[in-house]
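A.B. asks: Following this message is one structure expressed as structure tokens.
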Amino acid sequence: MIPNGLCIGLDVDIDKFPQHLRGNINAIVEFNKEIIASTREYASAYKANSAFYEQYGVEGVKALYETRKLVGSHYFILDAKRGDIGNTSRAYAIAAFNDMGADALTVSPYMGEDSVKPFLNFPNKCVYVLALTSNAGSSDFQRLSVGGEPLYKKVIQTAMQWERVSELGFVVGAMHPSEMRELRGEFPDVPFLIPGIGAQGGDVQQLVRANYKGPALFNASRSILYSGNGSDFAEKARNEAKKIWDELKIA
């Protein structure tokens, strides 16, 4: 079952690590271990964007796999935004779900049903399809009118008709509370992955009200990971995670 609540993004940047770990590729696992241990009480899930590990080459990829082990039984989302022709997508899916053991994966729907379908054939896994993202360029395509509906809504409407054994959810960015309210009204029981709270400026309580208590994971990354830069960085991360967790409960 897909959890609800706070999702912590493990988007590592060794140049932002606390002073005693800064710039050390070999410290990625140690950093994540401390973050996960200190925030586990408040996190419903952890999300790792693969690019932040791949940028460090082989050692970074090894650290990603070790991070998956550290997350353990907590829900783990691999944020890789995959999507390609069918056989390629199947290979991506096998790597994410069977090899790494991710519970969920983000995918791009741009190439259509046959590029997403291979991801939907894995029971007890979740596929989060990009719908309306938080970045400034999202309006270039995602808001284009298609048959009288914005493309992001058309994506959700269309994807909901696809055959699947996997769970299906959608990425809806935190910077769009009014659109989220409308989408939640039309899709009350569909899981949303909501990135953009914390450093990106998404207002937690406004978003929770817009979400109508529907199933959702609210993701914060930098505001938690880099809330402290000293030896007490894990404690600072815990405090920030608790603050957001409290807001999610109160809102």
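A.B. asks: If the requirement is being touching a Leu at 6+ places or on another chain (Cβ under 6 Å), within 21 Å of Asn211 (Cα to Cα) and either surrounded by fewer than 18 Cβ atoms within 10 Å (Cβ to Cβ) or not β-branched (Val, Ile, Thr) (or both), which of these qualifies: Leu193, Leu132, Leu168, Leu183?
C.D. replies: The conditions single out Leu193.
A.B. asks: Let me ask something else about it. Considering region 75-98 alone, what residues qualify as being part of a strand (DSSP E or B) and either modelled with pLDDT under 95 or surrounded by fewer than 21 Cβ atoms within 10 Å (Cβ to Cβ) (or both)?
C.D. replies: Those that are part of a strand (DSSP E or B) and either modelled with pLDDT under 95 or surrounded by fewer than 21 Cβ atoms within 10 Å (Cβ to Cβ) (or both): Tyr75, Ala80, Lys81.
A.B. asks: Please go through region 105-160 and give me each residue that is closer than 21 Å to Lys47 by Cβ, in a strand (DSSP E or B) and among the aliphatic types (A, V, I, L, M), ordered by number.
C.D. replies: The answer is Leu105, Val107, Val127, Val129, Leu130, Ala131, Leu132.
A.B. asks: Quick check on my filter: what residues within region 184-215 are aromatic (Phe, Trp, Tyr) and modelled with pLDDT of 85 or more?
C.D. replies: Matches in region 184-215: Phe187, Phe192.
A.B. asks: For region 35-50, does any single residue satisfy the condition of being within 17 Å of Glu240 (Cα to Cα), in contact (Cβ under 8 Å) with a residue 40 or more places away in the chain, assigned to a helix (DSSP H, G or I) and not small (Gly, Ala, Ser)?
C.D. replies: Yes; the residues of region 35-50 include at least one that is within 17 Å of Glu240 (Cα to Cα), in contact (Cβ under 8 Å) with a residue 40 or more places away in the chain, assigned to a helix (DSSP H, G or I) and not small (Gly, Ala, Ser).
A.B. asks: If Arg181 satisfies every condition in (1) in a helix (DSSP H, G or I); (2) modelled with pLDDT under 95; (3) under 18 Å from Lys249 (Cα atoms); (4) not hydroxyl-bearing (Ser, Thr, Tyr) but one, which is the exception?
C.D. replies: Against the list (1) in a helix (DSSP H, G or I); (2) modelled with pLDDT under 95; (3) under 18 Å from Lys249 (Cα atoms); (4) not hydroxyl-bearing (Ser, Thr, Tyr), Arg181 comes up short only on (3).
A.B. asks: Before we move on, is Ala27 over 16 Å from Gly228 (Cβ atoms) and either at pLDDT below 95 or of a type in the set (A, V, I, L, M, F, W, C) (or both)?
C.D. replies: no
A.B. asks: Further, regarding this structure: Pairs needed: first member in region 4-30, outside any strand (DSSP E or B); second member anywhere, aromatic (Phe, Trp, Tyr); C-beta distance under 6 Å; at least 6 residues apart or different chains.
C.D. replies: The qualifying pairs are Leu10/Tyr46; Asp11/Phe52; Val12/Phe52; Lys16/Tyr226; Phe17/Phe31; Pro18/Phe233; Leu21/Phe31; Ile25/Tyr56.
The values are calculated or read from the model by the stated rules, or taken from the named source; none is laboratory data. Here the structure is a predicted model, which is why all the values come from computation and not from measurement. No Cβ is skipped: glycine too gets one built from the backbone with ideal geometry, and neighbour counts run over all protein chains shown.
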